[in-house]
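The values are calculated or read from the model by the stated rules, or taken from the named source; none is laboratory data. No experiment lies behind these values; they were computed from the predicted model shown. A quick note on method: Cβ atoms are made from the backbone with ideal geometry, for glycine too, and the neighbour counts reach across all protein chains shown. Keep in mind that these areas ignore ligands, DNA and RNA; they rest on the heavy atoms of the full protein, side chains included. Shrake-Rupley method; radii C 1.70, N 1.55, O 1.52, S 1.80 Å.
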Amino acid sequence: QVQLVESGGGLVQAGGSLRLSCAASGRTFSSYAMGWFRQAPGKEREFVAAISRSGASTSYADSVKGRFTVSRDNAKNTVYLQMNSLKPEDAAVYYCAAALSFQVRSQMYDYWGQGTQVTVSS
């Protein structure tokens, strides 16, 4: 069992940066691959980024590749999403999630955080 709590969301202007954090409870964080997903108003949830158990492998949606970076610190039980060059279309509620394997399919993630709001103005 894993409990996840996102933080770091807020309001930024287009072109700005924001770093999201996801803190996991327990001692089994390193057993899970982690993913970031987002959902904009009136739209379906979409994959953003994922990172393997060790952090050696990452995957990104084409829409954020080159602008976003996912990383993890297993000693701190935390995964991060660094978001640079933000665009209005990046505005959404961002969720972190834990899965038993490194993947991009949302239905295969077992645990989810409550989400954090990212608003991009312009």
Pairs with Cβ under 7 Å, 6+ apart, first in segment 1-18 and under 20 Å from Tyr95 (Cβ atoms), second part of a loop (DSSP other than H, G, I, E, B) and β-branched (Val, Ile, Thr): Val2/Thr28
So Thr119 clears everything in (1) assigned to a loop (DSSP other than H, G, I, E, B); (2) at pLDDT 95 or above; (3) open to solvent by 20 Å² or more (accessible area, probe 1.4 Å); (4) farther than 14 Å from Ser21 by Cβ except one condition, right? Which one? (1)
Taking segment 78-105 and keeping residues open to solvent by 30 Å² or more (accessible area, probe 1.4 Å), out of contact with any Cys (no Cβ under 8 Å at 6 or more places or on another chain) and not aliphatic (A, V, I, L, M) leaves Gln82, Asn84, Ser85, Lys87, Pro88, Glu89, Tyr95, Ser101, Phe102, Arg105
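Rundown of residues vs (1) hydrophobic (A, V, I, L, M, F, W, C); (2) in contact (Cβ under 8 Å) with a residue 60 or more places away in the chain; (3) touching a Pro at 6+ places or on another chain (Cβ under 9 Å), yes/no style:
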site: Thr28; (1), (2), (3): no, no, no
site: Gly55; (1), (2), (3): no, no, no
site: Tyr80; (1), (2), (3): no, yes, no
site: Leu86; (1), (2), (3): yes, yes, no
site: Ala97; (1), (2), (3): yes, yes, no
site: Tyr111; (1), (2), (3): no, yes, no
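Under the condition of being assigned to a loop (DSSP other than H, G, I, E, B) and open to solvent by less than 60 Å² (accessible area, probe 1.4 Å), which residue from segment 29-43 is farthest from Thr119 (Cα to Cα)?
Initially, segment 29-43 is screened for residues assigned to a loop (DSSP other than H, G, I, E, B), giving 32, 40-43.
Imposing the further condition that a residue be open to solvent by less than 60 Å² (accessible area, probe 1.4 Å) reduces the set to 32, 40.
On the way: Tyr32: 29, Ala40: 10 Å.
If we take residues in segment 29-43 being assigned to a loop (DSSP other than H, G, I, E, B) and open to solvent by less than 60 Å² (accessible area, probe 1.4 Å), then Tyr32 is farthest from Thr119 (Cα to Cα).
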